[in-house]
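The values are calculated or read from the model by the stated rules, or taken from the named source; none is laboratory data. The structure displayed is predicted, hence computed values, not measured ones. Note that we place each Cβ from the backbone using ideal geometry, even for glycine, and neighbour counts take in every protein chain shown. The protein model used for the area step is the full one, side chains on, heavy atoms only, and it has no ligands, DNA or RNA in it. Shrake-Rupley method; radii C 1.70, N 1.55, O 1.52, S 1.80 Å.
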Amino acid sequence: MSEKIVYLDNNATTKTCQEAIDNMIPFFAEQYGNPSSMHDFGGEVAQYLKKARKQVAELIGAADPNEVIFTSCGTESSNMAIRGLTDPHKKHIITTKVEHPCVLNVTKHLEKNHGYEVTYLGVNAEGELDLEEFKDSIRDDTALIAIMWANNETGVIFPVEKMAEIAKEKNPKVLFFVDAVQAAGKIPVDVKNTKIDMLGISGHKIHAPKGVGAIYIRKGTLITPFMLGGHQERGKRGGTENVSGIVALGEAAEQALNYLDDEATRVKAMRDKLEKGILSKLFNARVNGSRLHRVPNTTNISFEYIEGELILLHLSDLGICASSGSACTSGNLEPSHVLRAMGVPFTAVHGSIRFSLSRYTSNEEIDYVLKQLPDVIHKLNAISPFQKELKELKEIKESAKALKCALGDKRCCEQ
Amino acid sequence: MWEYTEKVKEHYKNPKNVGTIENPDAVGEVGSMACGDALKIYLKIDKNGIITDAKFQTFGCGSAVASASALTEMIIGKSVKEAENLTNQDIADFLGGLPEQKMHCSVMGKEALEAALSSFKGEPTEKKIKGRIVCGCFGVTEDKIREVVKHNTLNTVEEITNYTKAGGGCGKCKGDLQKILSEEVAKRSNGKKEKPLTKTQQILKVNSILENYVAAELRKDGGDIELVDIEDNKIYVNLQGSCKNCPSSNLTLKNFVENVLREHISEDVEVIEA
């Protein structure tokens, strides 16, 4: 492994921010009391939980901090929202084909073992939903709608605020859950001004440590607790609070809110620079997913006719961390369900690479990637058995460029 | 992250023999874009049947590249006959092992070699689909599954998926895979039993079964049993002691003694009172 690490895999996990670390440390060996204890030593810890709850509430725009319940991770938040359904007569759920497994595997479980019917909405080539189709899928017996705010693989944003409006208009009793794990801290989230009932976030995606998450549950929303135990989190989530993790999450949430503008400007500019650079340097690169509706830190690029794991291994040797939707990188043998749902052809789906930036990414790092990546891709293109196809693709791309140039689009001549 | 050996890393970082051969004597191509890996190998074979050069191109992960690179290294200088005897396990061994889930990469190498060698021998080069397709997701045939199970002594459906990818998609064929696996495992254990026992070995075996599983039970009721003779699947015994005059002695013989012997020897054993 190279000594220099260029970490462009922030949708997988992030570096814990120093503010979060500094704030969590005292709760291991100094203020280690149980916030539920009667003595002051433990009881005083409760105020730090209260502070963290407020910090998280501010990040997601919850009207009341008590609407924030701390969990162990994003997956638990999703499980809690979906498995907490209470009405035995409503057995229909709507979700999408491109959700994270922490939603898809739960709905599949309810379908298989608990008699639920699930509608999986498809997406177009850009990874976007059809709102008419969504509206039509809402029924009287629809118990829950579970839609992600931003896709973890492509970064594509779903209009969840608008969808919640549509849903409540058609069926006021339906519950609307949003998996906001990839949206929180990247784009503004303001639940109080939406019709969203529940919303899950994960700590380690916003520079808090792993092992802590949260779910927003709007006041008056009825769901059965998923983790049964003591009275913690007002009976909604049993188990002694992960105090240090929660304090860190609170601090990370506050920082994330402060850095939202930075994310929308500087981080976005670096992402765009990386994306444009790759597209101009490599003829077999193509972007997956809508470039219009996307979180600012993510780009998903396919390198046609070469395989993703191989690209990652070579990048890793250069200290560059990214991830891939290739079949080979997952435990199973199927490539990304997200890219397949978008109809990305097999020639591209196995060679898809996701670069996800953060506020810790620097311009120099982007330059380094743009300098190193072309050599890797050229080397791997040469190994591919699809030489004829690669040659044809190159010719097509070059003539398209020449045409643009002839039509007076200056941008293409600059390269 | 996969645990690749240093040798695997060496071969995917700097693969040997990448490319094509002009006017090759044999070409083998397996896999497809849809399945996520494809391999094409080119061979140069001299008039003495020695592989003088081998090149490859592949679309696949690190272990696919390493397997193909290893394969070419292993066969250059070998005769066609020697190359034919190469197994996927040989490729994996050459690389110091592959992660279980990546064993299919070594199988792909072996298949590409097979395809190339059959093209060299003038056998039809178009892809032959032998047997019905069991796994629709990855287009894996029953014949291929049986062959891989047999050659690699596989014991679980998960291993079949690791070696052939079958069952790694929608998973609908897992029932079929289990059935094929059970059949192959049964064949394997039958194979072991095939060595015929000598008459003396037969007597010793039956006697020990009677002593260990039957006599002790009969003795509790004051009876006993004695082996008289064995003739093919017929075992002649004498019931003794209280069993001798017991009105239900025939039931004891058929329901108890015969069942025990069938369980330990074979279903077609017949127990007869001498």
Of the residues in region A:55-83, those that are open to solvent by 10 Å² or more (accessible area, probe 1.4 Å) and in a loop (DSSP other than H, G, I, E, B) number 5
When you check A:Lys397 against the structure, is it out of contact with any helix residue (DSSP H, G or I) (no Cβ under 9 Å at 6 or more places or on another chain) and either within 14 Å of chain B (Cβ to nearest Cβ) or not β-branched (Val, Ile, Thr) (or both), yes or no? yes
Requiring at least 2 residues that are more than 13 Å from every other protein chain (Cβ to nearest Cβ), without any contact (Cβ under 8 Å) to a residue 60 or more places away in the chain and out of contact with any helix residue (DSSP H, G or I) (no Cβ under 6 Å at 6 or more places or on another chain), the strands (runs of 3 or more DSSP E) wholly within region B:1-118 are B:51-59
Given A:Ile206, A:Ile187, A:Ile223, A:Ile201, which one is at pLDDT below 95 and among the β-branched types (Val, Ile, Thr)? A:Ile223
Does B:Glu231 meet the test of being open to solvent by 70 Å² or more (accessible area, probe 1.4 Å), under 37 Å from the mean Cα position of the chain (by Cα) and modelled with pLDDT under 85? no
Given the structure, is A:Thr96 closer than 22 Å to A:Gly343 by Cα and either free of Cβ contacts under 8 Å to residues at least 60 places away in the same chain or within 22 Å of the chain's Cα centre (by Cα) (or both)? yes
Inter-residue pairs, beta-carbon under 9 Å, first closer than 21 Å to A:His204 by Cα and in region A:226-251, second crowded, with 24+ Cβ neighbours inside 10 Å and of a type in the set (Phe, Trp, Tyr), 6+ apart: A:Glu233/A:Phe70; A:Arg237/A:Phe70; A:Glu241/A:Phe70; A:Asn242/A:Phe70; A:Gly245/A:Phe70; A:Ile246/A:Phe70; A:Leu249/A:Phe70
Before we move on, is A:Leu279 in contact with a strand residue (DSSP E or B) (Cβ under 8 Å, 6 or more places away or on another chain) and either under 22 Å from A:Asn151 (Cβ atoms) or within 14 Å of chain B (Cβ to nearest Cβ) (or both)? yes
Pairs, first on the phi > 0 side of the Ramachandran plot in region A:165-187, second open to solvent by less than 30 Å² (accessible area, probe 1.4 Å) and in a loop (DSSP other than H, G, I, E, B), C-beta under 7 Å, six or more apart: A:Gly185/A:Ile206
Screening B:Val185, B:Val237 for residues that are surrounded by 12 or more Cβ atoms within 10 Å (Cβ to Cβ) and either farther than 18 Å from B:Asp268 by Cα or of a type in the set (Phe, Trp, Tyr) (or both) leaves only B:Val185
Members of region A:330-343 found to be at the interface with chain B (Cβ under 8 Å from one of its Cβ atoms) and at pLDDT below 85, listed by number: A:Gly331, A:Asn332, A:Leu333, A:Glu334
Residues of region A:253-274 classified as among the small types (Gly, Ala, Ser) and over 18 Å from the mean Cα position of the chain (by Cα), total: 1
Within region A:287-317, the residues that are open to solvent by 40 Å² or more (accessible area, probe 1.4 Å) and farther than 26 Å from A:His100 by Cα are A:Asp317
Going by the conditions given, is A:Phe346 at pLDDT below 95, hydrophobic (A, V, I, L, M, F, W, C) and open to solvent by 30 Å² or more (accessible area, probe 1.4 Å)? yes
Here are some residues: A:Ala52, A:Ala46. Which one is among the hydrophobic types (A, V, I, L, M, F, W, C), part of a helix (DSSP H, G or I) and open to solvent by less than 30 Å² (accessible area, probe 1.4 Å)? A:Ala52
Checking A:Ser326 against (1) within 14 Å of another protein chain (Cβ to nearest Cβ); (2) under 17 Å from the mean Cα position of the chain (by Cα), only one condition comes out false. Which one? (2)
Would you point out which residue out of B:Lys165, B:Lys144 is modelled with pLDDT under 90, basic (Lys, Arg), surrounded by 19 or more Cβ atoms within 10 Å (Cβ to Cβ) and in contact with a Phe, Trp or Tyr (Cβ under 8 Å, 6 or more places away or on another chain)? B:Lys165
Tell me which residues, restricted to region A:250-286, are open to solvent by 30 Å² or more (accessible area, probe 1.4 Å), outside any helix (DSSP H, G or I) and either within 30 Å of A:Ala52 (Cβ to Cβ) or aliphatic (A, V, I, L, M) (or both). A:Tyr259
Are there any pairs with C-beta distances below 8 angstrom linking a residue in region A:143-155 that is farther than 21 Å from A:Pro172 by Cα and open to solvent by 10 Å² or more (accessible area, probe 1.4 Å) to a residue that is charged (D, E, K, R) and in a strand (DSSP E or B), with the two at least 6 apart or on different chains, and if so which? A:Glu153/A:Arg354
Output the residues belonging to region A:193-211 that are part of a strand (DSSP E or B) and either in contact with a Cys (Cβ under 6 Å, 6 or more places away or on another chain) or within 13 Å of A:Asn10 (Cβ to Cβ) (or both). A:Ser202
Qualifying positions in region A:349-375 - buried (at least 16 other Cβ atoms within 10 Å of the Cβ), away from chain B (no Cβ under 14 Å) and assigned to a loop (DSSP other than H, G, I, E, B): A:Leu357, A:Ser358, A:Arg359, A:Thr361
Yes/no for B:Asp224 being acidic (Asp, Glu), surrounded by 14 or more Cβ atoms within 10 Å (Cβ to Cβ) and not assigned by TED's automatic domain parsing to the domain that holds B:Arg146: yes
Output the residues belonging to region B:241-251 that are surrounded by 14 or more Cβ atoms within 10 Å (Cβ to Cβ) and closer than 11 Å to B:Glu273 by Cα. B:Ser249
(1) β-branched (Val, Ile, Thr); (2) in a helix (DSSP H, G or I); (3) open to solvent by 60 Å² or more (accessible area, probe 1.4 Å) all hold for A:Thr86 apart from (2)
Across region A:212-249, which residue is nearest to A:Ala183 (Cα to Cα) among those that are part of a helix (DSSP H, G or I) and open to solvent by 10 Å² or more (accessible area, probe 1.4 Å)? A:Val247
Before we move on, is A:Val118 farther than 22 Å from A:Val189 by Cβ, among the β-branched types (Val, Ile, Thr) and surrounded by 13 or more Cβ atoms within 10 Å (Cβ to Cβ)? yes
Any idea which of B:Gly77, B:Gly96, B:Gly131, B:Gly136 is surrounded by fewer than 16 Cβ atoms within 10 Å (Cβ to Cβ), on the phi > 0 side of the Ramachandran plot and at pLDDT below 90? B:Gly131
Within the group A:Ser290, A:Ser316, which residue is of a type in the set (Ser, Thr, Tyr) and within 12 Å of chain B (Cβ to nearest Cβ)? A:Ser316
